[in-house]
Each structure stands twice: as C-alpha cells, then as structure tokens.
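K.L.:
Quick one: this structure, given as structure tokens, is what I'll be asking you about.
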Amino acid sequence: MAPPGSFETATVTVKLDDLNPEQRAAVLAPDGPILILAGAGSGKTRVLSYRIAHILAERKASPAEVLAVTFTNKAANEMRQRVASLVGGDNDARIPWVSTFHSACARILRQEGHALGYDRNFSILDEGDSLATIRQVLGDAALADSPPLELARARIEQAKNEAVTPDEMLARAKPGRDASIAQIYRLYQERMRAMNAMDFSDLQLQTWLLFERFPETLERWQRRAAHLLVDEYQDTNRVQYLIVRALAARSGNLCVVGDEDQSIYGWRGADIRNILDFERDYPAAQIFKLEQNYRSTKTILAAAGAVIRNNTERKVKNLWTENSAGEPVTYFTGRDERDEADFIALEIARLTGVGGFRAADVVVFYRVNAQSRAIEEALVRRRIPYYIVGGVRFYEQRDVKDLLAYLRVIANPADAVSLERMVGTPPRGIGAKSFEAIAELAARERIPAFEAMGRLETCSRVALRIAKQAGMLYSWMHDLGARAPDLSVRGIVEEVVAHSGFEAYLDTLDDAPARKQNLAEMLSAASAFDAEKSGGGLPEFLERVALVSDTEQIDSSGGRAALMTLHTSKGLEYPIVFMAGMEEGLFPHSRAAEIDEEVEEERRLCYVGMTRAQQLLYLTNTLSRELYGVRQESRQSRFLREVDPALIRRIAPARETPPIRPLSPREPYVDFADSQLPDDEPGPGGDGLSIGARVIHPTFGRGIVRRREGRGDGAKAWVNFERGGIKLLVLKFANLRLLGD
DNA sequence: AGAGCGTGAACGCAA
DNA sequence: TTCACGCTCT
C-alpha cells in the first residue's frame, strides 16, 4: 500500500513531498485540457515527469498511450531519464514515448508516409541541401518575375510553418512575384517528392496533411497519444499547433507547459498566441501557475522581472524565490569589444581562482555568433578552457556531409541531392554536365537517380569513359546496399571510407590529418549508435544525424566554460552568467529596432538569458564596437536601463562612460545623429548616388548615402539605414536603388 | 571543343 | 560557403 501523499508505480512509490502545492496540484489534476504556466526555474520538467509517472501509476494509460513532446533532444532525454527513475528501472516497455516534435513526426511519416507518396526511407534534407534544391528549381523554372533565392526559401519555409500548401499559396497570391514564389514552392515540393526527401519543415507539414486527409490514420495516432503532453508550448508554430490539436481532439487529454515570457522563436514561426489563447481554444482548461523559482537569487529574479515587466503581450505572473538575495548584478562597460572580452576573461580567472568556482560553472551569452571571436581570443590569452555551443555543427561539416551522402544514397536511391554530392567527392571525372544527364535520364525513365547512374552507358550524351566510371561506382554501391541490412552502421561507414576513394583523396591534400579527424569521429559516432540497444539500422542512424541540435553539444564534463548565443540558452542554467553586448542595435538587434512585437521578443530573449543565472549575473557592453565591418559608437541597451539601478553594481570602466540614464517613456531609440558617421567627403557622383541621396536596399530598406569612397568596381558607400544603422556597401554588389522624393 | 577541376573572390542573426 | 574564371585533359 502506498502511504498517503504518494503514489505507486509498478515497482516504486514516489513521494509527492518533493513537490510544492502548485506543482502537486498540476501533477494530480484530473484528465482534460491543462495549461501549466511555468515561470523560469519553477520546475516544469519535474512536474511533467511526475505527471507522466502519475498517469501510468494510476493506470489511466499504458506507456504505449502516452506521448510527451519537447523541442530539443536534450530535453527529451532528460525527461525520459526522469520518468524512468520515477517508474522504476530501465525497462523500455515501461517508458512512454518522449520525443521532439521533429523526431515524432519523422517516426509517424516513416510508417504512414506511403499514403502521401513517400517511401519509408525518405531523406531529411538540411537547410543547405534544401537551399541547393530551391536554387536548382529557380534556375530550371526561369520565371519572368523570379524571386531572389533567399526570399523564396524564407517564404516557402514560412508557408510550411503556417500549414499553407503550394495550391493554397497560389490561390491567394497576387499575380507577379507572389505568384512566382508559389510556383517555385510547388516545383520544389514536386522535386522533393521525386527525390523521396523532406526538409525540416516538411516533417511537420506532411504530418499535418496526413492527419487532415486520412482520418483513420489520425485515429490510430490519437490512440497512441491518448495522453499528450507538450513542453515549451509558447514556441509552437501554426502547424505544430494544428498537429497537437488534431492528436488531442479525441481524448481531450492535452497538457501543455510553457511561459509566454520565454517565447523567442517568433522569427521561426512560433506564435505566442498559441499559449495566450489556450483557454479560448480549450474552454474547459484547468490552469496552474508555477511561480516559485528554485534557480536564481532574489536579486537576479528582480532584475529579470524589471525587464520583462515592460512587455505588454503577457499574462501577469509573480515569480518569487526563497533563495537568498545574493550579489548585485555586475555591469561593466569596455572601451571596445576587446576590452569587454578582456574583462570577462579576467573575471572568470578571478572567480575560478580565488572564487572557488570551476570554469564549467560559467557561461557567456551573446546575441550574434560574430561576438564570440573577441571573447574566444581573450579566453585564450588568459588560458581559460572554453568551448562553443552551436555555430558550425559536426554533421554539417563538409567532409562529414560528403561521407553521409554515400550513406543517404544507399538508404534512399532517389536522393539526387546526395547522389550529386557523392559523385563529386572524391573527384572522379563525373561533373555537372554528366550529372545533368543522370538527372535527365532518371526523370525520363521515372527511375531513382541512383539507378540512372548505373545505366549511363545507354545515354549518348556522356563519354563512354565517364559512363563506365559511373557504372563501376553503381555496382559497388548497389552491392553494398544489398548487404547493408546485415551490416552494422560502423561496418557500412568503414566500407564507404575505404572503397569510395574518399580517404585516399583526403591524403593528397595538405590538411589531411585535420580532415581525417572528422572521418574518425564519424566512425565512433557510428559505433556508439550500433552499441545502443534501441538502435536500428542505417535509416535510423541517418535520421538521428539529421535531427541533432546544438544543445546536444553541451558537455559539462570537460570542466570548460561555455560560450553560446542567447537563443541556445533556453532550458539551461549556470551558476555564473555573462551577457555580452548589451547595446542598442545589437541587443535589441537592429532588425527589431522599431517594431514593438519584435522588441518584445528581444526583451524575452534578454529575460531568458538573465534567468539562466543561479548565483552571479554580469551584463557587459562597449563604448564602440565593430559589427558587420563597420565600427561605430555603441549606445547602452534599453534593457539595461530597465533594471533598477539599486540592483546593479558598476565596475569602474577604464575610461569615462555614460552613466545609466533613467528611461523616459517616449524616448526614441534610433536616432540618425550624424555624429556617429565618419566625416563627409565629396565622392565621385555619376551614378546618382551622391551624398544625401535617398536609396533603398533589398535587405536593409531605406537609407541615406553619407559618404562615398573608391571608384569603378571598388566604389563603396556608407549608407545610414532607417533600420539597421550605418553600413559600408560595395556598390557593385549592393543593388541600391535610388529613391525619388 | 567541351567538360572537369582548382583557384580566388564576396558572404554574414538567431535553429 | 557559392560564383566566375582560366587551365588541363580527353
């Protein structure tokens, strides 16, 4: 018998005493729609894990009827482990399905995709591959009103995030560019289907389309997710919202956890309204607020609260803590980014020396990756061990992708993008023109691109020598493909490395040792995958590889300080947090400058960063910073001025700096003060872009020419943009258009 | 002549 | 990292 105040699972009894009253209420709440508003550091993972354990213990559902969805694999792993420790043992049959949105969709589509015309071994294209495919489509379509590549990509992704199909987009589009984009979108989808490939957004869009079109399929998955729990609900986009709603429609057992103050992926399609309107969508919703913070000091919480209070798009919350007041927030202004970085490095040295902290207790956050450079240099100078989370991902490095291309073709012979990459590395005489012939043959005969490669000798366009090369490559890969199901993933990788000539090719290069390092890491990744009991074959390995995220690189074992962008920081906590670059135009980013909703998202990003800190929080900025190739004077971030000065301790800067000014309500943040600009000098005219001319730029929008330098192809201009400030542009590339008055 | 391949220049927010 | 260019091979 379980004692009162606890519940029993198959083998263990879990004490509910570990939970505070609000947490306990949320864990024990009866079935039906549930919204848990969980402030930063209020123990939401704990509540979700306990609730899952509770559902299982009460026999409300078997593990095969529970699905918990998170945003990152790291969060999924954490939750799986916590549930495992609650329900006892590592018996997989007792652990419910805990997965990221993307992995869950991939799994559903592997089983059901045939209904939509996809084979179960479809490839998942990363952003680079997807961009290359759109580029091809743009080239082939040669539309009159052809959109720029990046615009087309962004609009297609946006459409997918909003569950808009090509036909729907076309129906809505005005003639002209919008219609062209819709055409490109449709051609892109057709090409992807022919390649049996999906991009990241497709995983979700196709799942939604599947559910929408095949009610009996949906019903099957509704039963599989009879208890559906969704983490980080504030960052769901439209299509995720639709999938969740569809899955929960039958049982009504939808439990979402989130914090609208931590919604930071609006630019990726996340819609904060999903959480704000939950009660409207589910009128029967029970609502729980978790407001006790277990992470930070009172001071840190007060400082973060003072910032987020300036947002209007939020529900009123009152985060509190029993933790001590702690130290004031430290604020430092450096002369420039080097000086700022030096302070950070010195301070880390002090904290890890006499302070008794470990380097691994420290994290440095920044707004844009470009900031990491100066900080790295300073840390190297001070011999502080560090590592960067994010940035270049292992599986997106060139050699790794080249190698993976072979594996992807074996798993999915229709994957023409991977085939093209594979055929070209190592160089074996089969180039763009020959590949064109392969693609054409595949399209004409309606066979996978890989099969077409094997039949190239029938194609008169291609030299016999090249066709024979292709034929040999085909025979070997075909044979390997046939044996693949019986081989370990490592075995397959080893054979590819040895037989493809890839390793021999690397050996001919100067930096062979460094580049072969990546091959070695691939091999060990394959071994590790083989060693997992729940593992699987090549398709499962490729899926894993395609869906790894930055947060999985986090590794606290190395005793090193971590560097990452603020976006990567979500869900993490560190004893000591540095936030560098607290400056207008950088943070909030200039792209958000005057649009209220975007400034609010930047402010949430600031709030997320600050609330990662457990004990010490440092905010730093500069007097002058070089960004995007231009050095300019910095101005203090408005977020700094939103913090009560009483909570801040200012470290005396090396030179006079502006004091913290109180914030007046209607103060303009973006000014066009010419004092920021280099001295004007008369420049060469002729193209109409004289000083003072009003221009428009495809990315930066409207601006004024402030200075000219150089002539001919090297002619450049300093342009002060309304959004984005001053930029130095090479006129040849900048695509500036003159604006009339 | 045509195709392949190496070179050398501009890119740039956040997954 | 892509694009344009010239060199080299068949």
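K.L.:
With (1) part of a helix (DSSP H, G or I); (2) modelled with pLDDT of 85 or more; (3) over 26 Å from the mean Cα position of the chain (by Cα); (4) surrounded by 14 or more Cβ atoms within 10 Å (Cβ to Cβ) as the list, and A:MET472 as the residue in question, which single condition is left unmet?
P.N.:
Single failed check for A:MET472: (4).
K.L.:
Mind checking which residues of the range A:192-203 are in contact (Cβ under 8 Å) with a residue 60 or more places away in the chain and either of a type outside the set (S, T, N, Q) or within 12 Å of DNA strand B (Cβ to nearest atom) (or both)? Reasoning before the result, please.
P.N.:
Here is the first cut: in the range A:192-203, the residues in contact (Cβ under 8 Å) with a residue 60 or more places away in the chain are A:192-200, A:203.
Once the filter is applied, which keeps residues that are in contact (Cβ under 8 Å) with a residue 60 or more places away in the chain and either of a type outside the set (S, T, N, Q) or within 12 Å of DNA strand B (Cβ to nearest atom) (or both), the range A:192-203 yields A:MET192, A:ARG193, A:ALA194, A:MET195, A:ALA197, A:MET198, A:ASP199, A:PHE200, A:LEU203.
K.L.:
Same structure again: How many residues are in a helix (DSSP H, G or I), of a type outside the set (Ser, Thr, Tyr) and either within 15 Å of DNA strand B (Cβ to nearest atom) or touching a Ser or Thr at 6+ places or on another chain (Cβ under 7 Å) (or both) if we restrict to the range A:389-441? Let's see the steps before the verdict.
P.N.:
Filtering the range A:389-441 for residues in a helix (DSSP H, G or I) gives A:394-396, A:398-411, A:416-424, A:432-441.
If we keep only those that are of a type outside the set (Ser, Thr, Tyr) too, we end up with A:394, A:396, A:398-405, A:407-411, A:416-417, A:419-424, A:432-433, A:435-441.
Now narrow it down to the ones that are either within 15 Å of DNA strand B (Cβ to nearest atom) or touching a Ser or Thr at 6+ places or on another chain (Cβ under 7 Å) (or both): A:394, A:396, A:398-399, A:402, A:405, A:408-409, A:417, A:419-424, A:432-433, A:435-441.
Residues flagged as in a helix (DSSP H, G or I), of a type outside the set (Ser, Thr, Tyr) and either within 15 Å of DNA strand B (Cβ to nearest atom) or touching a Ser or Thr at 6+ places or on another chain (Cβ under 7 Å) (or both) within the range A:389-441 amount to 24.
K.L.:
May I ask you to verify whether A:GLU127 is within 16 Å of DNA strand B (Cβ to nearest atom), more than 24 Å from A:GLU440 (Cα to Cα) and surrounded by fewer than 16 Cβ atoms within 10 Å (Cβ to Cβ)?
P.N.:
Against the criterion (within 16 Å of DNA strand B (Cβ to nearest atom), more than 24 Å from A:GLU440 (Cα to Cα) and surrounded by fewer than 16 Cβ atoms within 10 Å (Cβ to Cβ)), A:GLU127 qualifies.
K.L.:
Can you tell me which residue is nearest to the chain's Cα centre (by Cα) among those in the range A:151-182 that are free of Cβ contacts under 8 Å to residues at least 12 places away in the same chain and in a helix (DSSP H, G or I)? Working first, answer last.
P.N.:
To start, the set of residues in the range A:151-182 that are free of Cβ contacts under 8 Å to residues at least 12 places away in the same chain comprises A:154, A:164, A:168, A:171-175, A:178.
Then drop every residue that is not in a helix (DSSP H, G or I), which leaves A:154, A:168, A:171-172, A:178.
Values: A:ALA154: 15, A:GLU168: 27, A:ALA171: 31, A:ARG172: 29, A:ASP178: 27 Å.
Checking each candidate, the answer is A:ALA154.
K.L.:
Return yes when A:ILE287 is within 27 Å of the chain's Cα centre (by Cα) and touching a residue at least 60 places away in the same chain (Cβ under 8 Å) and no when it is not.
P.N.:
Working: within 27 Å of the chain's Cα centre (by Cα): no; touching a residue at least 60 places away in the same chain (Cβ under 8 Å): yes.
It is false that A:ILE287 is within 27 Å of the chain's Cα centre (by Cα) and touching a residue at least 60 places away in the same chain (Cβ under 8 Å).
K.L.:
Mind checking whether some residue in the range A:494-502 is outside the structural domain of A:ASN73 (by TED's automatic domain parsing), under 28 Å from A:GLU376 (Cα atoms) and either modelled with pLDDT of 85 or more or in a strand (DSSP E or B) (or both)?
P.N.:
Start the filter on the range A:494-502 by keeping residues that are outside the structural domain of A:ASN73 (by TED's automatic domain parsing), which leaves A:494-502.
Those left that are additionally under 28 Å from A:GLU376 (Cα atoms): none.
No, the range A:494-502 contains no residue that is outside the structural domain of A:ASN73 (by TED's automatic domain parsing), under 28 Å from A:GLU376 (Cα atoms) and either modelled with pLDDT of 85 or more or in a strand (DSSP E or B) (or both).
K.L.:
Sort out for me the strands (runs of 3 or more DSSP E) sitting completely within the range A:559-634 that have 1 or more residues that are more than 12 Å from DNA strand B (Cβ to nearest atom), in contact with a helix residue (DSSP H, G or I) (Cβ under 8 Å, 6 or more places away or on another chain) and free of Cβ contacts under 8 Å to residues at least 60 places away in the same chain. It would help to see each step written out before you state the result.
P.N.:
Details: elements: A:561-565, A:574-579, A:613-622, A:624-627, A:630-633.
Those strands (runs of 3 or more DSSP E) span A:630-633.
K.L.:
What are the residue pairs meeting all of these: first residue in the range A:362-389, first residue small (Gly, Ala, Ser), second residue not in a strand (DSSP E or B), Cβ atoms under 7 Å, and 6 or more apart or on different chains?
P.N.:
A:ALA374/A:GLU337; A:ALA374/A:ARG338; A:ALA374/A:ALA341; A:ALA378/A:ALA341; A:ALA378/A:ASP342; A:ALA378/A:ILE344; A:ALA378/A:ALA345
K.L.:
Can you tell me how many residues within the range A:31-50 are surrounded by fewer than 24 Cβ atoms within 10 Å (Cβ to Cβ) and part of a helix (DSSP H, G or I)?
P.N.:
Going through the range A:31-50 one residue at a time, the tally reaches 3.
K.L.:
Of the conditions (1) under 30 Å from A:ALA76 (Cα atoms); (2) more than 16 Å from DNA strand C (Cβ to nearest atom); (3) among the hydrophobic types (A, V, I, L, M, F, W, C), A:ALA498 clears all except one; give me its number.
P.N.:
(1)
The values are calculated or read from the model by the stated rules, or taken from the named source; none is laboratory data. Keep in mind that this is a model prediction, so the values were computed, not measured. Neighbour counts are summed over all protein chains in view; Cβ atoms, including those assigned to glycine, are modelled from backbone coordinates with ideal geometry.
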